[in-house]
Amino acid sequence: MFGSVVVGVGTAGFVRIRDMLAPLPSSAAEKLSVKGFISRRTLEEQQGVKQITVEDALRRDDIKVAFVCTENAAHEENIRTFLEAGKHVCVEYPMAMTHKTAVDLWDLAQEKGVVLHEEHIELLTADFKQLKKDIAGKKLEEGSLHFTGGPLKPGFGFPAFSGIARLTWLVDLFGELSVTAASMEEDQENKYMKMTTQLMTKEQKPLTWIEERGPGLPRVKNINFCFDSCTMTQLPPAAREPVGLFMQDLVLFSQKLLGQVPRDQLHAERHRVLHCLELADRIQQLSQQGQGSAQDA
């Protein structure tokens, strides 16, 4: 059994505790056992699980795993703390706010001989799985992905990082990408922002990724993918799956702990995660250069 602690008890932390208390029967997730949770606040028991301190979690031999479910800005510190103590770590995306930091953390996990897993439930959704099937064999000519949603709370970082799930979609669908341009519009007083990124596939086909957030904006992904044989402007309908997204991710993480995931799959996942973080770095750099130029003008 892998005794576990959950760091942060917002929505994701609550679901992690719930899923470990009632894991998918006959799955690898049954090997996880939640031993406590950590929060900056002093809280009552959560779903029957008691609050413990970071020091307790690091010291206890029966705690082998940490689930990091804090705001993005606190991910790096928490991951590093638990890796240094020789604990396995599962973290909600993104694991870090720079590509270099993520490389350092992954190297540390390798040095310590433990698993570092970045959650990507967006790749597990039924509509994404169906979309991937539907475009198989088609040649992209150009495309766009426009995400809208409400304002983010502080601590979630630059939109290329807080919205890295959408970037991960594009990389998983169309392979490695390069950034050709990026810009950022922001109205802090009205909590509005719009990041526009121009990407290029290895086949030199253009993709546009827009991340737009503001009060009253619906949480929606709008796609427009033009292929050699057709154009897709809507996500395909897909039946809801019986196993929840976080439970699917929990099973995958547990399989990694048990050594059940093939080495080439682990390598491909690490490569994809680091590639997306490297793209996010570049997008932030170009966007901020543009903002600086606009202010100078």
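As a fraction of the 1.4 Å probe accessible area of the range 5-74, surface on carbon and sulfur atoms comes out at 49 percent.
In the full protein context, the chain carries 49 Å² of accessible surface per residue, based on a 1.4 Å probe and ignoring ligands, DNA and RNA. Lysine pair count for the range 157-297 with Cα-Cα distance under 29 Å and sequence separation of 8 or more or different chains is 6. Backbone N atoms of the range 106-137 closer than 12 Å to the 7 Å Cα→Cβ label point of LEU274 belong to residues 106-110.
Within the listed set ALA136, ALA160, ALA280, the Gaussian network model of the chain (springs between alpha-carbon atoms below 10 Å) gives the highest mean-square fluctuation for ALA136. Close amide H pairs (under 5 Å, H built 1.01 Å from N) link ALA66 with VAL5, HIS88, VAL89, CYS90, residues at least 5 positions away or on another chain.
Within the listed set GLY13, GLY175, GLY48, the Gaussian network model of the chain (springs between alpha-carbon atoms below 10 Å) gives the highest mean-square fluctuation for GLY48. Measuring with a 1.4 angstrom probe and ignoring ligands and nucleic acids, THR180 comes out at about 80 Å² accessible. For Cα extents along the principal axes in Å, computed directly from the structure shown, the correct entry in (i) 56, 46, 43; (ii) 53, 41, 37; (iii) 54, 47, 38 is (iii).
Which percent of the accessible heavy-atom area of the range 210-252 goes to carbon and sulfur, probe 1.4 angstrom? Summing carbon and sulfur atoms, their accessible area is 54 percent of the total for the range 210-252. Residues whose amide H comes within less than 5 Å of that of LYS138, counting only those at least five positions distant or on another chain, are absent (H built at 1.01 Å from N in the peptide plane). Spin-label pair VAL103-GLN188: with each label point 7 Å from Cα along the Cα-Cβ axis, the two points sit 3.1 nm from one another. Using a 10 angstrom cutoff on alpha carbons, build the Gaussian network for the chain and name the most mobile of ALA239, ALA109, ALA181. Comparing ALA239, ALA109, ALA181 in a Gaussian network model of the chain, the most mobile one is ALA239. The accessible surface of the range 113-208, taken with every protein chain in place and a 1.4 Å probe, is 48 percent carbon and sulfur. Here the Karplus relation 6.51 cos²θ - 1.76 cosθ + 1.60, evaluated at θ = phi - 60°, turns the backbone of the range 181-197 into coupling constants of 6, 7, 9, 9, 9, 8, 10, 4, 4, 9, 6, 10, 8, 9, 9, 10, 10 Hz, with x for every Gly and Pro. Distance between the C-alpha centres of the range 236-287 and the range 108-180: 8 Å, rounded to the whole angstrom. I want the local charge near PRO159. Using Cβ-Cβ distances under 12 Å, sum +1 for each Lys or Arg and -1 for each Asp or Glu among the other residues. Within the 12 Å Cβ shell, the charges total -1. Under 18 Å from a label point set 7 Å out along the Cα-to-Cβ vector of LYS133, the amide N atoms of the range 159-200 belong to 173.
The values are calculated or read from the model by the stated rules, or taken from the named source; none is laboratory data. Since the structure is predicted, the reported quantities are computational estimates derived from the model, not experimental observations. Cβ coordinates were reconstructed from backbone atoms using ideal geometry, including for glycine residues, and neighbour counts include every protein chain displayed. Heads up: the accessible areas ignore ligands, DNA and RNA and are worked out on the full protein's heavy atoms, side chains in. Shrake-Rupley method; radii C 1.70, N 1.55, O 1.52, S 1.80 Å.
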